[in-house]
Each structure stands twice: as C-alpha cells, then as structure tokens.
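Asks: Before anything else, here's the structure in question.
Please treat every number below as a calculation from the coordinates, not as lab data. Since this is a predicted model, take the numbers as computed values, not measurements. Every residue, glycine among them, receives a Cβ derived from its backbone with ideal geometry; neighbour counts consider all protein chains shown.
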Amino acid sequence: MSAGDAGTSIIYVDTGVVVALLTPEERSPLALDWFEHCREPLISSDWLMTETHSALGIKQSHHGLSPQARQAAAEQFERLLQSGIELRSLDRGRFHQAAELLQDPALGLRAGDALHLAVALHSRCTQRQASMGGCSKPPPPLA
C-alpha cells in the first residue's frame, strides 16, 4: 500500500522537524524519538529541499554550525529522503491553494508554511508534523 491509499494514515513532515533531526536543537531528542517510533508513511513536498538547505545555511551563517556539520547534515538529509520521506511535486494548484490559505489571518501562516499545508491537504494527510509539540491535524479542506 502506498502513501495515499484509502485507510492509510499519512503524516506530512514539515521542515522544522527535519532540521531538528539533522542538527542539534533543543527539540532534537524529541524529533529523533518520534522519527524512530513512527511507522506511518511520511510525505512532504519538494519545498522541503529548498527550505532545509536554507535552514542549514542560516545555521552555519548565524548560529555556529560548522561547514563540516552542515555538509554532514546535508548528506544525512539526502539519506533521509532516499529512505523515509516521499516528496510530492509542487504544481500551480498548490501555490493557489497556499495563497487561499494565506487569506485567513486566523491561521497565522507564513508563505512556506501555507505551501506545506496546501500539499498536506491535497495529499489527504491525516496528520501534519510541523513542530515537535506533537502532530496536528490539518484544517478542513477549503471549499
């Protein structure tokens, strides 16, 4: 059964979780424990690649991540993608859906978060792991 089949629980993984898996952060132990015990299919979007490499660059430039640690994290990220997270392509419809999500100020989304959420909704994810505060269910689909 592949991610997306009826009856399958699917978790959408956001960049914050991946970066916590790859680099030392306060929430890294929680992220590592969650990932180790997770048995559901994991998906994200192609946007994860851009955001993750951006976060690694920011950590190197502003937060003391060494060039060697950045390279190791980037290599670990590639292994993670090969073995554990299915990436979904971004199409124009997801960008439009993200723009619609951004029209609701109550959601408090930034552009990248709205794009992740649009893919999660489109992929019919049952949960979205956006931070290590726990899984959250995506809001109901847009009308």
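Asks: Mind checking the full-extension length gain between ALA69 and ALA111? Use 0.36 nm per residue of separation minus the Cα-Cα distance, one decimal, nm.
Replies: Length gained, ALA69 through ALA111: 12.3 nm.
Asks: If you don't mind, there's one more thing I want to ask. If you put +1 on each Lys and Arg Cβ and -1 on each Asp and Glu Cβ, how big is the dipole of the chain around its Cα centre, in Debye rounded to 20?
Replies: 120 debye
Asks: Another question, then. May I ask you to order 99-105, 30-36, 10-16, 119-125 by the average number of other C-beta atoms within 10 Å around their residues, highest value first? Could the numbers behind the result be given before it?
Replies: Working: 99-105: 13.0, 30-36: 15.0, 10-16: 23.4, 119-125: 21.7.
Highest mean packing first, the order is 10-16, 119-125, 30-36, 99-105.
Asks: To the nearest 0.05, what FRET efficiency results for GLN76 and ARG39 with a Förster distance of 30 Å applied to their C-beta separation?
Replies: Calculated transfer efficiency: 0.90.
Asks: Around GLY93, what is the net charge, scoring Lys/Arg as +1 and Asp/Glu as -1 over all other residues with Cβ under 15 Å from its Cβ?
Replies: Working: positive: ARG88, ARG92, ARG94, ARG124; negative: ASP46, ASP91, GLU100.
Result for the neighbourhood of GLY93: +1.
Asks: State the answer as a single residue: which of HIS116, SER61, LEU101 lies farthest towards the positive end of the charge dipole of the chain, with beta carbon charges of +1 for Lys and Arg and -1 for Asp and Glu, about the Cα centre.
Replies: Selected residue: LEU101.
Asks: Follow-up. Below 8 Å, C-alpha to C-alpha, sequence gap of six or more: please give me the relative contact order for the chain in percent.
Replies: Relative contact order, the chain: 33 percent.
Asks: Net charge around PRO24, counting only other residues with Cβ within less than 13 Å of its Cβ (Lys, Arg = +1; Asp, Glu = -1)?
Replies: Result for the neighbourhood of PRO24: +1.
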